[in-house]
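Asks: What follows is a single structure, and I will ask about it in a moment.
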Amino acid sequence: MKGDALHDSIFPEDPLRARAKVLPRKQPVVGDPPDLVPARMINETLYCERLMYLEWAQGEFDDNAFTVDGRAVHARADSPGGELPPTKDGSKQTSESPEHDEPEKDGAPPYQARSVWLSSDSLGITAKIDIVEGDSNGVAVPIEYKRGAAPDVAEGAYLPERAQLCAQVLLLREHGYTSDHGEIYFARSRRRVSISIDEVLIEITRQAVHRAKELTGNGELPPPLAESKKCEGCSLVGICLPDETNLLRGFVPTGEQNASIEKPEQMVAFWPVAEGENERELAEVSLRQLQPARDDRLPLYVQEQGARVGLSGEELVIKSKETEVRARLPNLSQVTLFGNVQISTQAMRALFERGLSISFMSTGGWFYGRATGVDSKNIELRISQHRAMGNEAVCLALAKGIVASKIRNCRTLLRRNHKAPPEVTLFELEQLAKKAESVSALKSLLGLEGTAARTYFGAFSGMLKGSSVGVFDLDGRNRRPPRDPMNALLSLAYSMLTKEFVHTLASAGLDPLFGFYHQPRFGRPALALDLMEEFRPIVADSVAIGAVNNGVVDTNDFIEHPTGVTLKPVGRRKFLLAFERRLDQLITHPVFGYRISYRRVLEVQARLFGRFVLGEIPNYPEFRTR
C-alpha cells in the first residue's frame, strides 16, 4: 500500500466532520515552517493533527495530571549522561548531551546514553531520544519512555508511538549506526516492548513528516475531532475546546455525554438566586465535561502596606512588620499586590518561569497593570485578532451582541433579586436590548448602553435587603473617586474583574489592549473591558449585593473623606474573599450545559473569542443568564 491509498489510510476523513459547517481556517502565515519536524510532532500528527498544530505551529501548551506524571517518569531520562556507542566504522559519535562516565551495572549494555538529541536535514527530523543503548559493533537501540501501561495490541504499541520510535531509528541510521528496532518502556507496566521497524512503518513516518510540514506551511488549523475519546485525556482540551467549537460550527453531538449532576454547594446559597429556579434546565445542550470545573490553584493577594515578597525554595515568603506568611508556588494561579508592597527579582523570576503574572493595584484597588513572562507564543492568534478588530462590521456585530447580553443580564439580576421588580424597568431594559441588536453604528450603541445603565441603577437599591436598606442605597453610579459605600464596592469589583480578564486574555494569547467596542487608548485594556461588559452584573454587581445583604461588609469597613469613600484594609480583605468566592462558584454554562466555575467561564469565553477571530466559529457566543 503506497501513495494516495496509504495517505488516505493514515489520515482518513472524519465522517462526523462533514456534518459541521465548513469555515475558512487558513491562518496568517508569518514565515516558513521549521525545516526539522520533532519526533514528538510525528506522534501527534498521527494521533490528532489539531494537537500537533496547536503545539508546534501556535506554541500552545498546558499541563494536566498526565503530563505532570509523564515528566516525573522522564526525570532520569531527561538528565543528560552516559556515553554513545561507536558507529559502524568505529568512530566516536557525539551528541548534544554531555558525556559522563557512570559505573557499569551487571547485565547492562556496554554503552548507554541519556537524553540524546539527533537531527537530520535529509530526513527533515529532529528528536531527543530518552535512552540509546548499544555495543562496540555500532548497534544502537533507542528506548522511548511512556507513562502509561503497555497496550494489548499485536504491534506492541499504537501507531503514533511506533512512528515516533521509527523516527528515532532513522536518525540513528543516518548517524552511522545499525538499528533495526526500538523499544518502548511503559512505566505503569514496568516493562519494555520491542518495536520492529519495517518499510510500511518507515513510509508512514515519512508521510507524517510531510503532513506536519504541509499543515504548518499552509497555516491550516485542522478542525477538532468530533466526539472522540482522544480528547478526554488531552492536556490542551481547555485550549482546543473541541466539543464547544464543533457545536458552534453547527455540529450537534449525538453520542452519550458524561455531564454529571453535582449536589448544590453551600456556597451557592450565599449568592442571590431566585427560589425554585434550576439553572441546569436552562442549557439547550449538555456537552462532555472534558475540563475540570475549577482551577485548583489560587490567587495570592498582598495588601498590607510595607510588606515584602521574597523567595525561599518553592515558596513565596510574605514578610511584614509583625507577621510572616508562606505560599507554595505550585498552588498559585497569579499574584496581586496592592499599594506599597515590594517583591524581589528572585520571586518575580520564579513566578515568570511558571507562567504566573503579577498584577499591580493602587491601595484603593485601581488596576495599574501587570508584569509577566512570555504569556503566549501564538503569534497567529494576535495577527488574526488585529485583522478582525480592524474590520468595522466585525466590531459592530461583536459590540451589539455584548451590549445586548449585558443589558439582559442586568434585567435578570433585577428580576431575581429585586423585592418587587418594576415591570416598567424590566420592559424598558428588554426593549433597549432589542434596539442594541439592531443599531448601525457604535456611537448609537454607546447611547443605548448609557440609557440602560441609568434605568438599571435607578432600580438597583431594590435588591438590597435587611439592615443594608437605606445604608447602602445607590443614588446613581459615580466614580473616580466613588462618593458612597456602594459605589466604592462596585468600583473595586469592576477593577478586580478587569484585572481577571486582562490576566485571562493574555494567558489565552490575545492582546488585552486591542478591543472592538472600547476604543484603543494608551494603557486601556480595551478587549478586557469589552468582554467583561456582560459579566459586570452577574459577577461584580452580584458580589457587591451579596456582600452587603449578608453582612460581609458594613459601614464600619469604610473611610469617608470630603473627596470620596474607600474601603479600609480589613473591609477590602473581606470583600476580596467574597469576590473570590463568586469566581469559584459553579454555574451551568447556558450554551454548553456543563458545570464550571465563573473563573473557568472567563477562560472559556476568552478561548472562544480566539476561535472566532481565527475563523473557526461564525459568531462569538455571549454569556447570557436567563
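Asks: Give me log10 I(q)/I(0) at q = 0.07 Å⁻¹ for the chain, Debye formula, one equal scatterer per alpha-carbon, no solvent.
Replies: -0.54
Asks: Using the Cα centre as the reference, give the magnitude of the dipole from point charges on the C-beta atoms of the chain (Lys, Arg: +1; Asp, Glu: -1; all else neutral), rounded to the nearest 20 debye.
Replies: 2620
Asks: Just to check, using Stokes-Einstein with a Kirkwood Rh over alpha carbon pairs, what's the diffusion coefficient of segment 297-389 at 4 °C and 1.567 mPa s in µm²/s?
Replies: Diffusion coefficient, whole number: 91 µm²/s.
Asks: A further question on this structure: With the cut-off at 1.5 for a/c, could you classify segment 349-454 from its C-alpha gyration tensor as rounded, prolate or oblate?
Replies: It is oblate, given that a/c is not under 1.5 and a/b is not larger than b/c.
Asks: In terms of solvent-accessible area of protein heavy atoms at a 1.4 angstrom probe, what is the ranking of K377, K321, K230, K434, highest value first?
Replies: I get K321, K377, K434, K230, largest accessible area first.
Asks: Here's a follow-up. Sequence gap at least 6, Cα distance under 8 Å: using those rules, report the relative contact order of the chain to the nearest whole percent.
Replies: 13
Asks: If you roll a 1.4 Å probe over the chain with all protein chains in place, what percent of the accessible area is carbon or sulfur?
Replies: Ligands and nucleic acids excluded, carbon and sulfur give 51 percent.
Asks: Given segment 287-436, what percent of its DSSP beta bridges are antiparallel, to the nearest 5?
Replies: Rounded to the nearest five, the antiparallel share is 55 percent.
Asks: Taking square-rooted eigenvalues a ≥ b ≥ c of the alpha carbon gyration tensor, is segment 509-626 rounded, prolate or oblate, where a/c under 1.5 means rounded and, failing that, a/b exceeding b/c means prolate?
Replies: It comes out oblate by the Cα gyration axes.
Asks: While we're looking at this one, here's another question. Students often get this wrong, so check it: of K230/K377; K406/K574; K419/K465; K146/K230; K400/K435; K400/K443, which have C-alpha atoms separated by over 19 Å?
Replies: Violating the 19 Å Cα-Cα cut-off are K230/K377; K406/K574.
Asks: Also, I was wondering about something else. If you take every DSSP beta bridge whose two residues both sit in the chain, what share of them, in percent to the nearest 5, is antiparallel?
Replies: About 70 percent, rounded to the nearest 5.
Asks: Considering only protein heavy atoms, what is the solvent-accessible area of W56 at a probe of 1.4 Å, reported in Å² to the nearest 10?
Replies: 50
Asks: Then there's this: Return the calculated 222 nm mean residue ellipticity for the chain, to the nearest 500 deg cm²/dmol, obtained by summing -39500 (n - 2.57) across DSSP H runs with n ≥ 4 and dividing by the residue count.
Replies: For the chain, the value works out to -11500 deg cm²/dmol.
Asks: Kindly express, to the nearest 10 degrees and within the range 0 to 90, the angle between helix 423-436's C-alpha long axis and the longest C-alpha principal axis of the chain.
Replies: Compared with the principal axis, the helix lies near 50 degrees.
Asks: Work from the charge dipole of segment 539-612 (Cβ charges, +1 for Lys and Arg, -1 for Asp and Glu, about the Cα centre) and give the residue of A540, P590, F612 farthest towards its positive end.
Replies: Projecting each Cα onto the dipole axis, the largest value belongs to F612.
Asks: With a 1.4 Å probe and every protein chain left in place, work out the accessible area per residue of the chain in Å², rounded to a whole number.
Replies: 46
Asks: Report the accessible area of K319, computed with a 1.4 Å probe over the heavy atoms of all protein chains in place, in Å² rounded to the nearest 10.
Replies: Solvent-accessible area, nearest 10 Å²: 110 Å².
Asks: Return one number: the angle in degrees, 0 to 90 and rounded to the nearest 10, between the long axis of the Cα atoms of helix 485-507 and the longest principal axis of the Cα atoms of the chain.
Replies: Result, in degrees: 20.
Asks: Moving on. Please report the net charge: other residues with Cβ closer than 14 Å to the Cβ of A150, K and R +1, D and E -1.
Replies: So the surrounding residues net to +2.
The values are calculated or read from the model by the stated rules, or taken from the named source; none is laboratory data. Predicted model, so just to flag it, every value in this text is computed and none were measured. Every residue, glycine as well, gets a Cβ built from its backbone with ideal geometry; the counts of neighbours run over all protein chains shown. We work out accessible area using only protein heavy atoms, side chains counted, and drop any ligands, DNA or RNA first. Shrake-Rupley method; radii C 1.70, N 1.55, O 1.52, S 1.80 Å.
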